[in-house]
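The next block holds one structure in the form of structure tokens; read it before the comments.
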Amino acid sequence: MTILITGGTVVNASGPIPADVLVEGETIAGMAARGSSVAESWRAGAERVIDAAGAYVVPGGIDGHTHMEMPFGGTHSVDTFETGTRAAAFGGTTTIIDFAIQSKGRSLREGLDAWHAKADGRCAIDYGFHMIVSDVNESSLKEMDLVVDEGVTSFKLFMAYPGVFYSTDGEILQAMQQASNNGATIMMHAENGIAIDVLVAQALARGEGDPKFHGLTRPALFEGEATHRAIQLARVAGSPLYIVHLSAAEALNEVLGARDRGANVFAETCPQYLFLSDADLAREGFEGAKFVCSPPLRPEVTHADLWRGLRTDDLSVVSTDHCPFCFKEQKELGLGDFSKIPNGIPGVEHRMDLIFQGVDQGEISLARWVEVTSTTPARLFGLFPKKGVVAPGADADLVIYDPEATQTLSASTHHMNVDYSAYEGMTIKGRVTTVLSRGVVIIEQEAYVGRAGSGRFLERGLNGLLR
Ligand SMILES: [Zn+2]
């Protein structure tokens, strides 16, 4: 099918330009100046013309951090690959990269196969995988090379969650050495989990079981310390490092210092750290459980630090860490004991919209919005230039965005399969009107017209931002 998107302002990471976009089949065939003879000739041949007057035409969002159907503490996150990718599409995200998990005592192969089985034939948008390595040993280190050859080019390790995903510094160093040889990027959950567990046990012994103590037992200093340690380990091993869900100024300062020295260190933050705070964790009764994630929400003053980091590229990416657990029955597992509250906040649907508020409020430019939500994740995760850019030859993953519309976020209207919204009642500027995934319209007039299974697995290349 040939589709012409006309009258809009194309926004790439390089900036906005008024242009018409021609889509042929799954890819972008060309761009032409609005009203030019070329654009007019395309109009005559197009099977469909989409009017984008007054709207932005941006590359589909890439959410590099989601957890669909993820087991955690005896339950699992409630979005399936079908419901989660559909919700993502509603919000203008056309690619997710989810985390396949190697369990302790099992192989990477087994974990990766399990995640392929969950996702295969169910996704509304394209998807890739990172691999969580939770059992570093001789055979899993060797397996890392095989997995890279299958297009899974990033591995996540944990300095947190002793007994579950936790790796020692020695194990982390070995995985980093393997990555420095096979070209993969190491992703790190940087919190000092051993020290945190001591504070958690002490708090519970004092009878401090409310959700707010989740935050108080995971101090920002422990995130800063772990981030520092991860950076030194990566420097010694010579591997690229990507700090996931950075939430604290203490951690940002470590990343900033490493980047100033020219190290291949990158970091993402998430919308919850830019819009929510420890005051939400301290909400009355058990409400705070809705906001339990790790690292925890920080004091509101941190928001300004994180926006600054996004402006200066010390924070390169915004991902969601989408990990939805229902308030009823799931979050409630931690009534009276915050350490049993499943960790995670739903967000895959609202990332593009929430970060657009930064544009509306003057925190970042329009081009930077596209860069941190699409172009940089595409480069960093080996998807560029198929993804992350509106340009001839790229996949026709396109979002038409109305900057003047307003919407109110609510569990009663969102499409994620979860019974609450962390942003309930928040009115925001801007909204997705139309979404194309590889040349097929999947969201139209705010309705889903796509198909489960049309999304394909993406074999990713290596990190394209290394210096
Ligand atoms: Zn995560």
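What's the number of the only condition in (1) within 16 Å of the ligand (Cβ to nearest atom); (2) part of a strand (DSSP E or B); (3) of a type in the set (A, V, I, L, M, F, W, C) that Val57 fails to meet?
(1)
Show the residue pairs that are 6+ apart or on different chains and have beta-carbon atoms under 8 Å apart, the first residue being within segment 151-173 and within 13 Å of the ligand (Cβ to nearest atom), the second being acidic (Asp, Glu).
Leu157/Glu171; Ala160/Glu191
Quick one: which residue in Thr433, Thr376 is surrounded by fewer than 23 Cβ atoms within 10 Å (Cβ to Cβ) and polar (S, T, N, Q)? Quick ask: steps written out before the conclusion?
Values: Thr376 fails: surrounded by fewer than 23 Cβ atoms within 10 Å (Cβ to Cβ).
Of Thr433, Thr376, the one residue that is surrounded by fewer than 23 Cβ atoms within 10 Å (Cβ to Cβ) and polar (S, T, N, Q) is Thr433.
How many residues, within segment 254-292, are of a type outside the set (Gly, Ala, Ser) and more than 25 Å from Glu424 (Cβ to Cβ)?
Just the residues of segment 254-292 that are of a type outside the set (Gly, Ala, Ser), to begin with: 254-256, 259-261, 264-266, 268-276, 278, 280-281, 283-284, 286-287, 290-292.
Those left that are additionally more than 25 Å from Glu424 (Cβ to Cβ): 254-256, 259-261, 264-266.
The total comes to 9.
Is segment 341-352 home to any residue that is surrounded by 20 or more Cβ atoms within 10 Å (Cβ to Cβ), touching a Phe, Trp or Tyr at 6+ places or on another chain (Cβ under 6 Å), assigned to a helix (DSSP H, G or I) and of a type outside the set (Ser, Thr, Tyr)?
The answer is no, given that none of the residues of segment 341-352 is surrounded by 20 or more Cβ atoms within 10 Å (Cβ to Cβ), touching a Phe, Trp or Tyr at 6+ places or on another chain (Cβ under 6 Å), assigned to a helix (DSSP H, G or I) and of a type outside the set (Ser, Thr, Tyr).
Among the residues of segment 249-286, what is the count of those that are among the small types (Gly, Ala, Ser) and within 16 Å of the ligand (Cβ to nearest atom)? Give the derivation first.
First, the residues of segment 249-286 that are among the small types (Gly, Ala, Ser): 249, 251, 257-258, 262-263, 267, 277, 279, 282, 285.
Subset that is within 16 Å of the ligand (Cβ to nearest atom): 251, 267.
Count: 2.
I'd like the full set of residues that are free of Cβ contacts under 8 Å to residues at least 60 places away in the same chain and either closer than 17 Å to His214 by Cβ or polar (S, T, N, Q) (or both), limited to segment 303-318.
Hit for segment 303-318 is Thr312, nothing else.
Exactly one of these conditions fails for Val200: (1) in a strand (DSSP E or B); (2) more than 21 Å from the chain's Cα centre (by Cα). Give me its number.
It is condition (1) that Val200 fails.
Scan (1) under 15 Å from Asn417 (Cβ atoms); (2) over 16 Å from the mean Cα position of the chain (by Cα) for the single condition Gly84 breaks and write down its number.
The failed condition is (2).
For segment 60-94, which residues satisfy the criterion of being surrounded by fewer than 21 Cβ atoms within 10 Å (Cβ to Cβ) and within 16 Å of the ligand (Cβ to nearest atom)?
Glu69, Pro71, Phe72, Gly73, Thr75, His76
So the check is Cβ under 8 Å with 6+ separation or different chains; which pairs have a first residue in segment 224-247 that's without any contact (Cβ under 8 Å) to a residue 24 or more places away in the chain and a second one that's more than 16 Å from the ligand (Cβ to nearest atom) and in a loop (DSSP other than H, G, I, E, B)?
Final answer for the pair search is none.
Using the structure shown, decide if Ala391 is more than 19 Å from Ile50 (Cβ to Cβ) and not β-branched (Val, Ile, Thr). It would help to see each step written out before you state the result.
Details: more than 19 Å from Ile50 (Cβ to Cβ): no; not β-branched (Val, Ile, Thr): yes.
Against the criterion (more than 19 Å from Ile50 (Cβ to Cβ) and not β-branched (Val, Ile, Thr)), Ala391 does not qualify.
The rows are residues; the columns are (1) among the polar types (S, T, N, Q); (2) surrounded by fewer than 24 Cβ atoms within 10 Å (Cβ to Cβ); (3) closer than 25 Å to Ser294 by Cβ; (4) touching a Phe, Trp or Tyr at 6+ places or on another chain (Cβ under 6 Å).
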| residue | (1), (2), (3), (4) |
| --- | --- |
| Ala29 | no, yes, no, no |
| Arg34 | no, yes, no, no |
| Ser37 | yes, yes, no, no |
| Ile50 | no, yes, no, no |
| Val57 | no, no, no, no |
| Ile96 | no, no, yes, yes |
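Applying the selection to segment 45-58, what residues are out of contact with any Lys or Arg (no Cβ under 7 Å at 6 or more places or on another chain) and under 30 Å from Glu404 (Cα atoms)? Spell out the reasoning first.
Start the filter on segment 45-58 by keeping residues that are out of contact with any Lys or Arg (no Cβ under 7 Å at 6 or more places or on another chain), which leaves 45-48, 50-58.
The answer is Ala46, Glu47, Arg48, Ile50, Asp51, Ala52, Ala53, Gly54, Ala55, Tyr56, Val57, Val58.
Go through (1) away from the ligand (no atom under 16 Å from the Cβ); (2) assigned to a helix (DSSP H, G or I) and name the single condition His214 misses.
So His214 meets the others, but not (1).
Output yes when any residue across segment 122-129 is in a strand (DSSP E or B), closer than 21 Å to Asn192 by Cα and within 16 Å of the ligand (Cβ to nearest atom), and no when none is.
Kept after step one, since they are in a strand (DSSP E or B), are these residues of segment 122-129: 126-129.
Applying the additional criterion that residues be closer than 21 Å to Asn192 by Cα yields none.
No, segment 122-129 has no match at all.
Please tell me if Ser374 is within 16 Å of the ligand (Cβ to nearest atom), in contact with a Lys or Arg (Cβ under 8 Å, 6 or more places away or on another chain) and small (Gly, Ala, Ser). Talk me through it step by step, then tell me what you get.
Working: within 16 Å of the ligand (Cβ to nearest atom): no; in contact with a Lys or Arg (Cβ under 8 Å, 6 or more places away or on another chain): yes; small (Gly, Ala, Ser): yes.
So Ser374 fails the test.
One residue is enough: does segment 64-87 have a residue meeting the conditions of a type in the set (S, T, N, Q), assigned to a loop (DSSP other than H, G, I, E, B) and farther than 30 Å from Ala117 by Cα?
No.
What do you reckon, is Ala203 among the hydrophobic types (A, V, I, L, M, F, W, C) and buried (at least 18 other Cβ atoms within 10 Å of the Cβ)?
Numbers: among the hydrophobic types (A, V, I, L, M, F, W, C): yes; buried (at least 18 other Cβ atoms within 10 Å of the Cβ): yes.
It is true that Ala203 is among the hydrophobic types (A, V, I, L, M, F, W, C) and buried (at least 18 other Cβ atoms within 10 Å of the Cβ).
Considering each of Ile101, Ile97 in turn, give the residue that is among the aliphatic types (A, V, I, L, M), within 15 Å of the ligand (Cβ to nearest atom) and closer than 16 Å to Glu349 by Cα.
Values: Ile101 fails: closer than 16 Å to Glu349 by Cα.
Result of the check over Ile101, Ile97: Ile97.
Would you mention how many residues in segment 228-247 are within 16 Å of the ligand (Cβ to nearest atom), assigned to a loop (DSSP other than H, G, I, E, B) and touching a helix residue (DSSP H, G or I) at 6+ places or on another chain (Cβ under 8 Å)?
Qualifying residue count, segment 228-247: 3.
Can you give me the number of residues within segment 312-326 that are away from the ligand (no atom under 14 Å from the Cβ) and either of a type in the set (A, V, I, L, M, F, W, C) or more than 18 Å from the chain's Cα centre (by Cα) (or both)?
The first filter runs over segment 312-326 and keeps only residues away from the ligand (no atom under 14 Å from the Cβ), leaving 312-316, 326.
This time we only want the ones that are either of a type in the set (A, V, I, L, M, F, W, C) or more than 18 Å from the chain's Cα centre (by Cα) (or both), so: 312, 315, 326.
Going through segment 312-326 one residue at a time, the tally reaches 3.
All of the numbers you see were taken from the coordinates with simple rules; none came from a lab. Everything numeric in this text was worked out from a predicted model, so none of it was measured. Glycine also receives a Cβ, built like all others from the backbone with ideal geometry; neighbour counts cover every protein chain displayed.
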